[in-house]
């Protein structure tokens, strides 16, 4: 899990660098897609890691702590972004992710234990039943 989490951080850093270097809107959109996918993976793997590392009795308290940390960005981001755009350039809104990501990657390698989860066979019939149920729900919603 540590390696997957570390990889998502590195992918997010690469996406951030590509955002700052993009010269066209298409390049910026592609880089933002990379950021979005890697950011979503970080959230999912992070929650799974907390679930596996923290004792059951402390799970809710730890998830509250993790969730609160995740709210710091949306709270401070607009103000910090305004300062960066005013005194530097819009690129710095994206480039600020790079040193933060590097620190996160180093901390991940140093503190997060590398454990593996037991893999299971892919549930093909469940996959198709879920897809069919979703398609039916979409059809009836219209």
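The values are calculated or read from the model by the stated rules, or taken from the named source; none is laboratory data. Everything numeric here is computed off the predicted structure, so don't read it as measured data. We place every Cβ from the backbone using ideal geometry, glycine too, and count neighbours over all the protein chains shown.
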| Among all residue pairs at least 6 apart or on different chains, which show Cβ distances below 7 Å where the first residue, located in the stretch 48-72, is in contact (Cβ under 8 Å) with a residue 60 or more places away in the chain and the second is assigned to a helix (DSSP H, G or I) and surrounded by 10 or more Cβ atoms within 10 Å (Cβ to Cβ)? | 49/5
| request: Among the candidates 80, 111, 130, single out the residue that is under 30 Å from residue 18 (Cβ atoms), surrounded by 10 or more Cβ atoms within 10 Å (Cβ to Cβ), modelled with pLDDT of 85 or more and more than 16 Å from the chain's Cα centre (by Cα). | output: 80
| note | Within the stretch 20-59, the residues that are more than 19 Å from the chain's Cα centre (by Cα), modelled with pLDDT of 90 or more and either crowded, with 17+ Cβ neighbours inside 10 Å or in a loop (DSSP other than H, G, I, E, B) (or both) are 22, 23, 24
